[in-house]
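The structure appears right after this line, and notes come after that.
The values are calculated or read from the model by the stated rules, or taken from the named source; none is laboratory data. Note that the structure is a prediction, hence the values are computed from the model and not measured. Virtual Cβ from ideal backbone geometry, glycine too; neighbours counted across all protein chains shown. These area figures cover heavy atoms from the full protein model, side chains too; ligands, DNA and RNA do not enter into them. Shrake-Rupley method; radii C 1.70, N 1.55, O 1.52, S 1.80 Å.
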Amino acid sequence: MISAQDFCDLLADRGFGLASGVPCSHFGGPIAHLSTRPGRYVPAPNEGSALAVAAGAALGGQRAYVMLQNSGLGNLVNPLTSLVMTYRLPILTFTSLRGWPDPATDEPQHEVMGPATPGMLDSIGTPHYTLYAKDTVDEFTAVLDLAEKDLAARRAPFVLVERGAIGKATAANDPHTEGLPAAEAIRTVTAAAPEAAVVATTGFTGRDTFAVADAPGNFYMQGSMGHASSLGLGVALTHPERTVVVLDGDGALLMHLGALSMIGHEAPANLIHVVLDNRVHESTGGQATTSATTSFPGMALAAGYASAVACATEDALREAVLRAREAAGPHLISVRTLPRTGAIPPRATNALSTLDIRDRFQESLRP
Ligand SMILES: Cc1ncc(C[n+]2csc(CCOP(=O)(O)OP(=O)(O)O)c2C)c(N)n1
């Protein structure tokens, strides 16, 4: 293992002045370390944006690198192939290897992508190297030396990072004191709309929902970060007689923000979109999102939602859900939540298979 500081310093010594990315717990250390240095790390909403930020920096004459989880490779492939490779921009990308080497030891949503990651990069002709958990600064230096040759040839090399290859560091996030515990918020929402079909976003939200309000009508969407509201839209359009509640995260909503415009445009009367805004990517270690400078209600109204409110108390949240059930939507309810304390409940897929989750959800939608 190399320390987060060594990882960042060795890159800075080689002139990499800017980093961007979307968190993976494998990069918790470097992101925390860089976040203490203003201007060094740009928190991107999705991996494609992160790569494009780095591409812009490269065009501007600044060496830049990107960090992402391999689940986000799909978001990045388009700007990788059509921008970075087409314009031959030298960007260095670090991607974690979830679901690798043995997918059985990871969550089900990594099962396909883990083993496929190296072959996928091979198929688009991207050079890649691997940083293993056992590696020290010497091996990292050797990997960077190889990557430098690609960069000099105006190629965009990847370094695949095994779990445990880079150490942790302490983040300098603002202390969060406002808001509701996420599990309380979920309990309040689901109790105020007991008949609703519920789509819970990836990460801790699905785990909390499973723990406090499990029901056959809950779809625990592990993976496909940012797509819970789009999935909810599809359900809502197919079942206009059912209230559909989407439990989203701030990081997840920001990842595919265009969904707000699509939902506003389609205007499903039966959709209630709840955002649990804890201002961090809590499931990957608490890295800050950019939600502190964004108004989700303002965005939803501008996108055509019928109503949008922010709530900070349990009573206000209950009232907002009850009002939303009575009036034609789509509705957005943004709730400030506190970072979780104590043990995080187990994933739904510890008890149910993904196929069980699918089947019982489908069954619950049948009239
Ligand atoms: C495309 C993609 N990129 C990155 C990840 C890694 N990841 C899993 S959960 C998560 C954070 C989600 O943040 P948020 O929606 O704010 O929910 P919170 O974790 O705070 O509950 C991230 C970045 C992922 N699953 N998929």
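Counting only alpha carbon atoms, the long axis of helix 47-59 and the longest principal axis of the chain meet at about 40°. Considering only protein heavy atoms and a probe of 1.4 Å, how much of the accessible area of segment 180-365 is carbon and sulfur, as a whole percent? That share works out to 57 percent.
Could you tell me what percent of the DSSP beta bridges with both partners in the chain are antiparallel, to the nearest 5? Could you put the intermediate results ahead of the total?
Working: 2 of 49 bridges.
The antiparallel proportion sits near 5 percent.
Remark: accessible surface ordering of ARG40, ARG318, ARG366 (largest first) is ARG366, ARG318, ARG40, probe radius 1.4 Å. Taking a sphere under 11 Å around the Cβ of HIS331 and counting the other residues whose Cβ falls inside, with K and R at +1 and D and E at -1, yields a net charge of +1. Share of carbon and sulfur in the accessible area of segment 4-161 stands at 55%, probe radius 1.4 Å.
Probe radius 1.4 Å, ligands and nucleic acids left out: which of SER291, SER123, SER307 has the largest accessible area, and how do the rest follow? Could the numbers behind the result be given before it?
Values: SER291 0, SER123 95, SER307 40 Å².
I get SER123, SER307, SER291, largest accessible area first.
Using the alpha carbons alone, the radius of gyration of the chain stands to its Kirkwood radius in an Rg to Rh ratio of 0.99.
The mean accessible area for residues of the chain, using a 1.4 Å probe and ignoring ligands and nucleic acids, is 41 Å² per residue. Protection proxy ranking, highest mean first, for peptides 331-340, 205-214, 237-246, 146-155: 331-340, 205-214, 237-246, 146-155, where packing is the per-residue count of other beta-carbon atoms within 10 Å, averaged. In the context of the full protein assembly, MET1 retains an accessible surface of approximately 120 Å², using a probe radius of 1.4 Å and ignoring ligands and nucleic acids. Couplings 3J(HN,Hα) for segment 197-207, derived from phi with the Karplus relation 6.51 cos²θ - 1.76 cosθ + 1.60 (θ = phi - 60°), are 7, 10, 10, 9, 5, 5, x, 5, 4, x, 5 Hz, where x marks Gly and Pro. If you take the Cα centroid of segment 325-367 and the Cα centroid of segment 24-102, the two points sit 30 Å apart.
When peptides 258-268, 273-283 are sorted by average Cβ neighbour count within 10 Å, with the highest value leading, the order is 273-283, 258-268.
When segment 4-161 is described by a simple charge dipole with +1 on each Lys and Arg Cβ and -1 on each Asp and Glu Cβ, the residue from PRO101, LEU83, PRO115 located farthest towards its positive end is LEU83. Compute the Rg/Rh shape ratio of segment 180-320: radius of gyration over Kirkwood radius, all on alpha-carbon atoms. Using Cα coordinates only, the ratio equals 0.92. Between 0 and 90 degrees, the angle of helix 113-123 with respect to the longest Cα principal axis of the chain falls at about 50 degrees.
Dipole of the chain computed with +1 at Lys/Arg Cβ and -1 at Asp/Glu Cβ about the Cα centre; of SER364, GLY60, SER229, farthest Cα towards the positive end is GLY60. Run the helix sum for the chain: -39,500 (n - 2.57) per DSSP H stretch of 4+ residues, divided by residue count, reported at 222 nm to the nearest 500 deg cm²/dmol. Rounded to the nearest 500, the figure is -11500 deg cm²/dmol.
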